[in-house]
Amino acid sequence: MDWAAVLAGYQSTVDFPGAYFWRELVAAYPEAKVVLTLRDPDRWFASILHMAKGGRSMRVMTSRPVLFLVPALRPLTRLMERMTMQMLDVDRAAFMSGRLDRDHFVEVYKRHAAQVTATVGTDRLLMFRVDEGWEPLCRFLGVPVPSTPFPNRNESAAFHRDMWRRNAATYAKALGVIALLALALLGLGVWALLG
């Protein structure tokens, strides 16, 4: 993978899909700093369970009607599902049904943290908890602490609400196209009946 081309114009990558390629990125950028965000494993599992059971936005985004109306989401959805299943070491049917084994997922979480810790040198790794705020993160990155409060935007409800906001225009555009096609077909039908 040509990471320089993929990440051209960017200085960092956060969360998915970058987290899926963490080994490759650590090897490709041996001077880069790595932040491993730590969470309470049970809260992390609850978040995964919510996503698996189809947090509202995920359920809509991956539904057949939306994938039909917004074809551009199809390859992205398939790719994200494959990467998620592989990273979480679970099969798709179990994940999508929400039949998840807490102990398995906590082990996956702990194994991931241990692999990152063992692979990345301590001089370039920050094991970070968001409740610690700006100070340890800014110190590690060598930047000043902002005067604004530390953001807390990845709570489940906020995540799904924000996903709706980000995708609303795409959904509306697709529905508009379908509505226009339906009106055109209706018009053709009326014209054929009257003509």
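Go through (1) touching a Gly at 6+ places or on another chain (Cβ under 6 Å); (2) at pLDDT below 70; (3) outside any helix (DSSP H, G or I) for H160 and report which single condition fails.
(3)
Among the residues that make up segment 111-127, is at least one of them surrounded by 15 or more Cβ atoms within 10 Å (Cβ to Cβ), of a type in the set (V, I, T) and at pLDDT below 80?
No, segment 111-127 contains no residue that is surrounded by 15 or more Cβ atoms within 10 Å (Cβ to Cβ), of a type in the set (V, I, T) and at pLDDT below 80.
Going by the conditions given, is P75 in a loop (DSSP other than H, G, I, E, B) and more than 24 Å from F45 (Cα to Cα)?
no
Might you let me know whether segment 11-27 holds any residue that is touching a residue at least 40 places away in the same chain (Cβ under 8 Å) and among the charged types (D, E, K, R)?
Yes, segment 11-27 has at least one match.
What are the residues in segment 1-46 that are among the small types (G, A, S) and in a helix (DSSP H, G or I), if any?
Passing the criteria: A4, A5, G18, A19, A27, A28, A46.
How many residues does segment 84-143 hold that are acidic (D, E) and under 20 Å from S12 (Cα atoms)?
2
For segment 59-100, which positions are touching a residue at least 12 places away in the same chain (Cβ under 8 Å) and touching a Lys or Arg at 6+ places or on another chain (Cβ under 8 Å)?
E81, G98, listed by residue number.
When the residues of segment 141-155 are filtered to those that are in contact with a helix residue (DSSP H, G or I) (Cβ under 9 Å, 6 or more places away or on another chain) and surrounded by 11 or more Cβ atoms within 10 Å (Cβ to Cβ), which remaining residue is modelled with the highest pLDDT?
Ranking the candidates gives V145 first.
Would you check which residues across segment 104-151 are within 21 Å of the chain's Cα centre (by Cα) and not in a helix (DSSP H, G or I) and list them?
M127, F128, R129, F150, P151
Applying the selection to segment 78-100, what residues are loosely packed, with under 13 Cβ neighbours inside 10 Å and part of a helix (DSSP H, G or I)?
Of everything in segment 78-100, those that are loosely packed, with under 13 Cβ neighbours inside 10 Å and part of a helix (DSSP H, G or I) turn out to be R78, L79, R82, Q86, R92, A93, S97.
Could we say that L49 is more than 30 Å from R139 (Cβ to Cβ), in contact (Cβ under 8 Å) with a residue 40 or more places away in the chain, in a loop (DSSP other than H, G, I, E, B) and out of contact with any Pro (no Cβ under 8 Å at 6 or more places or on another chain) here?
The answer is no for L49.
Considering only residues that are loosely packed, with under 12 Cβ neighbours inside 10 Å and touching a residue at least 60 places away in the same chain (Cβ under 8 Å), which ones fall in segment 101-110?
K110
Contact list please: Cβ distance under 9 Å, first residue in segment 135-152 and closer than 15 Å to A32 by Cα and touching a residue at least 24 places away in the same chain (Cβ under 8 Å), second residue assigned to a loop (DSSP other than H, G, I, E, B) and not β-branched (V, I, T), pairs at least six apart or on different chains.
Listed by first residue and then by second, the contacts come to L137/F150; F140/K33; L141/K33.
From F21, F68, which residue is of a type in the set (F, W, Y) and farther than 22 Å from F140 by Cβ?
Testing whether each residue is of a type in the set (F, W, Y) and farther than 22 Å from F140 by Cβ leaves just F68.
I'm trying to understand the selection: among the residues of segment 78-110, which are charged (D, E, K, R) and either at pLDDT below 90 or more than 19 Å from F16 (Cα to Cα) (or both)?
Residues satisfying the conditions are R78, E81, R82, D89, D91, R92, R99, D101, R102, D103, E107.
The values are calculated or read from the model by the stated rules, or taken from the named source; none is laboratory data. If you're wondering where the values come from, they're calculated on a predicted model, not measured in any experiment. As a convention, Cβ positions derive from the backbone with ideal geometry for all residues, glycine included, and neighbour counts pool all protein chains shown.
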